[in-house]
1. Restricting attention to region 17-34, does a residue exist that is over 27 Å from T181 (Cα atoms), modelled with pLDDT under 95 and touching a helix residue (DSSP H, G or I) at 6+ places or on another chain (Cβ under 9 Å)?
2. Assuming A101 fulfils every condition listed in (1) out of contact with any Leu (no Cβ under 8 Å at 6 or more places or on another chain); (2) of a type in the set (G, A, S); (3) within 17 Å of I20 (Cβ to Cβ); (4) at pLDDT 95 or above apart from one, which condition is it?
3. Among the numbered conditions (1) surrounded by fewer than 19 Cβ atoms within 10 Å (Cβ to Cβ); (2) among the hydrophobic types (A, V, I, L, M, F, W, C); (3) closer than 23 Å to A179 by Cα, tell me where I12 comes up short.
4. What number of residues within region 112-151 satisfy the criterion of being out of contact with any Leu (no Cβ under 9 Å at 6 or more places or on another chain) and either within 20 Å of Q70 (Cα to Cα) or among the small types (G, A, S) (or both)?
5. Could you list, in sequence order, the residues of region 147-167 that are closer than 17 Å to E105 by Cβ and either touching a residue at least 40 places away in the same chain (Cβ under 8 Å) or not polar (S, T, N, Q) (or both)?
6. Checking the structure you have, find out if any residue of region 156-178 is hydroxyl-bearing (S, T, Y) and at pLDDT below 85.
7. Does I27 meet the test of being surrounded by 14 or more Cβ atoms within 10 Å (Cβ to Cβ) and in contact with a strand residue (DSSP E or B) (Cβ under 7 Å, 6 or more places away or on another chain)?
8. Sort out which residues of region 92-145 are within 30 Å of V41 (Cβ to Cβ) and of a type in the set (F, W, Y), and write them in order of number.
Amino acid sequence: MKFNLNLPKGPIERIQGKCISLIGDDIDTDRIIPARFLKCVDFNSLGDSVFADDRNNSNIVHPFDLEKNQEASILIVNSNFGCGSSREHAPQALMRWGIRAIIGESFAEIFYSNCIAIGIPCFTLTKDSVKHIQDKSQNYDLFFEINIQKALAKNSEFTLSLNLKESSRQMFLNGEWDATTTLLNNIELIKEKIDQLPYVNF
């Protein structure tokens with residue numbers, strides 16, 4: 001059982017961590033977190049159930065069960081990752097397991113938006129580049145330091161130019177992705193606005 005509850009908040013400029021590869025196109029949200037786990041009261045227990053069916057039914061050890069991957073935080077995927085139903089539990093489950101960034105060929109649009117909303121940047125690379133780092137991460141421990149300002153992932157061997165939507169990049173750098181913290185930081189403005197509402201103060 002692995003829960004990483006040191007959740008992101010505020011501006012995010014850099015992410016460091018070990019890579020974990022998950023090979024396959026069109027991995028949908030029902031595979032990421034099966035529907036029976038959606039009845040949870042909060043998201044904190046979802047990390048233990050991420051890819052539950054894949055991990056229980058496979059004849060080989062799933063990447064999320066390999067001992068060498070237990071401290072990984074950067075997920076490397078292929079095309080159309082997160083397709084299927086628009087369940088916000090999918091990125092929440094990945095985050096509770098410990099994922100802090102995802103690099104892939106492409107992402108389903110709603111999954112991408114749900115990731116941004118909880119502080120998980122989703123970067124894209126070409127198919128060949130993704131295969132290159134997947135191959136390396138399966139053969140030995142591969143670490144990256146991701147610079148969101150420059151959209152670069154680097155280690156001692158090489159540097160990769162990542163693609164990230166400019167609007168998403170700005171949201172991470174200024175902390176606007178974090179709606180809860182933004183609201184709390186503006187509590188006085190909120191109170192002031194409430195005092196001005198005639199249907200609240202009568």
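1. Among the residues of region 17-34, at least one is over 27 Å from T181 (Cα atoms), modelled with pLDDT under 95 and touching a helix residue (DSSP H, G or I) at 6+ places or on another chain (Cβ under 9 Å), which makes the answer yes.
2. (1)
3. Against the list (1) surrounded by fewer than 19 Cβ atoms within 10 Å (Cβ to Cβ); (2) among the hydrophobic types (A, V, I, L, M, F, W, C); (3) closer than 23 Å to A179 by Cα, I12 comes up short only on (1).
4. 10
5. A151, A153, L160, L162, N163, L164, K165
6. Checked against the condition, which is being hydroxyl-bearing (S, T, Y) and at pLDDT below 85, region 156-178 yields no hits at all.
7. When the stated conditions are applied, I27 passes them.
8. Of everything in region 92-145, those that are within 30 Å of V41 (Cβ to Cβ) and of a type in the set (F, W, Y) turn out to be W97, F107, F111, Y112.
The values are calculated or read from the model by the stated rules, or taken from the named source; none is laboratory data. Predicted, not measured: the structure shown is a model, and the values here were computed from it. Using ideal geometry, Cβ is built from the backbone for each residue, glycine included, and neighbour counts are taken over all protein chains shown.
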